[in-house]
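**Student:** After the structure tokens below, expect a handful of questions from me.
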Amino acid sequence: MQIITKDNQQEAKEHGSFSFPVYVSLEKIQSYDNGTFLWHWHPEIELTLILSGKIEYQVNDITYTLSEGDGIFGNSNSLHTGRRINDSHCTYLSITFHPRFLYGYENSILQTKYVSFITANDSWSSLPLKQEVEWQKYILDILKEIYTMFQNPADDYEITIHQKLMDIWHKLYLYYSTQPERGNKTLIHVQRLREILAFIHENYASDISLEDIAASTSLSKSECCRFFKKHMNMTIFDYILYYKIQKSLPLLVTDQSITDIAFTVGFSSASYYTQIFKRYMECTPLQYKKSLFSS
């Protein structure tokens, strides 16, 4: 399984509908290819509750280790990714909703005073939620209630969801109204990371060089390497290879040959593609393809 993104890393999936812009889902990190969901963002707010196991969850430039009972608030438009920890399993509840679900109509006081105050602030990209903090436990308990409702929706499901998300938002507003903003330096770093990832995602199938990537964000080659490694915990070229493999996975369910797939995602040969595929997926492309059809 993969998260499908556009070239600018925005998730392509719809989260609910225009009339009810809320999407509640039960997710398992082990269900994603290589135990990782790719970097992506969406205009919707996301609340996550860890139901079992643990996960490494990164939002913009901050990495969290979340365990059973923990949660996290992910703000609108924040870049995020998640990874397995030591092959452990993790099941979590994801509640994704558009900010307009909270405020109703444009330029209402609910939007301008209470919602945009948080969603328009790039320095408040995320917040871990812990049982030990009383007001955060209140939010986590509501998320558990939503999980119960999700399993067996009642006739008043939609209005009850609205009430509970408003309760959560009220707690978040009270917290953020007392918090100073993070510095502009951090915001510049996040934007720079977005630019580098966007350039890679748009050009991964081409023969892009470090010079090309550095030029896309006005950094020297050495600065670009140091910056990327610091924020992504891997080198630029390791990430490019990893991303090429991830983009090749959907092609393995088609009738294309391994050689054609290798060329499509930018590898110079089928043998090199197979070598890198095995590094990240712990099997060959052909073995992966057979496993898909056998399952």
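The values are calculated or read from the model by the stated rules, or taken from the named source; none is laboratory data. Computed from a predicted structure; not experimentally measured. Note that we place each Cβ from the backbone using ideal geometry, even for glycine, and neighbour counts take in every protein chain shown.
**Student:** The conditions are (1) in contact with a Leu (Cβ under 8 Å, 6 or more places away or on another chain); (2) within 18 Å of D141 (Cα to Cα); (3) assigned to a strand (DSSP E or B), and S52 fails exactly one of them. Which is it?
**Tutor:** (1)
**Student:** Related question: Restricting to segment 124-180, give me the number of residues that are in a loop (DSSP other than H, G, I, E, B) and not basic (K, R).
**Tutor:** Let us first name the residues in segment 124-180 that are in a loop (DSSP other than H, G, I, E, B), namely 124-125, 130-133, 152-156, 177-180.
Those left that are additionally not basic (K, R): 124-125, 131-133, 152-156, 177-180.
Count: 14.
**Student:** What's the number of the only condition in (1) assigned by TED's automatic domain parsing to the domain that holds Q58; (2) surrounded by 12 or more Cβ atoms within 10 Å (Cβ to Cβ); (3) hydrophobic (A, V, I, L, M, F, W, C) that A154 fails to meet?
**Tutor:** All conditions pass for A154, except number (2).
**Student:** So, I188, is that one under 23 Å from the mean Cα position of the chain (by Cα), under 25 Å from H231 (Cα atoms) and without any contact (Cβ under 8 Å) to a residue 60 or more places away in the chain or not?
**Tutor:** On the way: under 23 Å from the mean Cα position of the chain (by Cα): yes; under 25 Å from H231 (Cα atoms): yes; without any contact (Cβ under 8 Å) to a residue 60 or more places away in the chain: yes.
Answer is yes for this residue.
**Student:** For the structure I just gave you, tell me whether I200 is assigned by TED's automatic domain parsing to the domain that holds V265, in contact with a Phe, Trp or Tyr (Cβ under 9 Å, 6 or more places away or on another chain) and among the hydrophobic types (A, V, I, L, M, F, W, C). Before the answer, list the steps.
**Tutor:** Working: assigned by TED's automatic domain parsing to the domain that holds V265: yes; in contact with a Phe, Trp or Tyr (Cβ under 9 Å, 6 or more places away or on another chain): yes; among the hydrophobic types (A, V, I, L, M, F, W, C): yes.
Criteria met by I200.
**Student:** Quick check: is even one residue across segment 182-205 among the polar types (S, T, N, Q) and more than 25 Å from N75 (Cα to Cα)? It would help to see each step written out before you state the result.
**Tutor:** Just the residues of segment 182-205 that are among the polar types (S, T, N, Q), to begin with: 184, 186, 191, 203.
Those still in the list that are more than 25 Å from N75 (Cα to Cα) too: 203.
The answer is yes; a qualifying residue exists.
**Student:** Which members of segment 58-93 meet the condition of being surrounded by fewer than 16 Cβ atoms within 10 Å (Cβ to Cβ) and over 18 Å from K130 (Cβ atoms)?
**Tutor:** N86, D87, S88, H89
**Student:** Would you list the helices (runs of 4 or more DSSP H) that sit entirely within segment 251-295 and hold 2 or more residues that are closer than 17 Å to D33 by Cα? Break it down into steps so the answer makes sense when it comes.
**Tutor:** Details: elements: 258-264, 270-281, 285-294.
Per the criteria, 270-281, 285-294.
**Student:** Right, something else. Testing L140 on (1) more than 14 Å from L102 (Cβ to Cβ); (2) hydrophobic (A, V, I, L, M, F, W, C); (3) surrounded by fewer than 15 Cβ atoms within 10 Å (Cβ to Cβ), one condition comes back false. Which one is that?
**Tutor:** Tallying (1) more than 14 Å from L102 (Cβ to Cβ); (2) hydrophobic (A, V, I, L, M, F, W, C); (3) surrounded by fewer than 15 Cβ atoms within 10 Å (Cβ to Cβ), L140 fails exactly one: (3).
**Student:** Still on this structure: Does I146 satisfy being surrounded by 14 or more Cβ atoms within 10 Å (Cβ to Cβ), assigned by TED's automatic domain parsing to the domain that holds I45 and among the β-branched types (V, I, T)?
**Tutor:** Values: surrounded by 14 or more Cβ atoms within 10 Å (Cβ to Cβ): yes; assigned by TED's automatic domain parsing to the domain that holds I45: yes; among the β-branched types (V, I, T): yes.
Considered against the rule, which asks whether it is surrounded by 14 or more Cβ atoms within 10 Å (Cβ to Cβ), assigned by TED's automatic domain parsing to the domain that holds I45 and among the β-branched types (V, I, T), I146 comes out as yes.
**Student:** Residues of segment 275-295 being over 25 Å from the mean Cα position of the chain (by Cα), crowded, with 17+ Cβ neighbours inside 10 Å and not charged (D, E, K, R), which ones?
**Tutor:** Across segment 275-295, the qualifying residue is only P285.
**Student:** With respect to D167, determine if the residue is charged (D, E, K, R) and surrounded by 15 or more Cβ atoms within 10 Å (Cβ to Cβ).
**Tutor:** In short, no.
**Student:** Follow-up. Just to be sure before I move on: is K247 basic (K, R), at pLDDT below 90 and surrounded by 17 or more Cβ atoms within 10 Å (Cβ to Cβ) in the structure I sent? If you could, list the steps in order and put the result at the bottom.
**Tutor:** On the way: basic (K, R): yes; at pLDDT below 90: yes; surrounded by 17 or more Cβ atoms within 10 Å (Cβ to Cβ): yes.
So K247 passes the test.
One line per residue, one yes/no per condition, for (1) within 15 Å of the chain's Cα centre (by Cα); (2) at pLDDT 90 or above:
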| position | (1), (2) |
| --- | --- |
| E56 | yes, yes |
| D61 | yes, no |
| F73 | yes, yes |
| S78 | yes, no |
| T81 | yes, no |
| T96 | yes, yes |
| P99 | no, yes |
| I109 | no, yes |
| A120 | no, no |
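**Student:** Might you check whether a residue that is of a type outside the set (S, T, N, Q) and over 18 Å from V59 (Cα atoms) occurs anywhere in segment 181-193? It would help to see each step written out before you state the result.
**Tutor:** Narrowing segment 181-193 to residues of a type outside the set (S, T, N, Q): 181-183, 185, 187-190, 192-193.
When the remaining residues are screened for being over 18 Å from V59 (Cα atoms), the result is none.
No, because not a single residue in segment 181-193 is of a type outside the set (S, T, N, Q) and over 18 Å from V59 (Cα atoms).
**Student:** Mind checking which strands (runs of 3 or more DSSP E) fall wholly inside segment 57-114 and carry at least 1 residues that are aromatic (F, W, Y) and either assigned by TED's automatic domain parsing to the domain that holds F227 or touching a Leu at 6+ places or on another chain (Cβ under 9 Å) (or both)?
**Tutor:** Working: elements: 62-67, 71-74, 80-83, 90-97.
Correct list: 71-74, 90-97.
**Student:** Within segment 203-211, does at least one residue satisfy the condition of being crowded, with 16+ Cβ neighbours inside 10 Å and in contact with a Leu (Cβ under 8 Å, 6 or more places away or on another chain)?
**Tutor:** no
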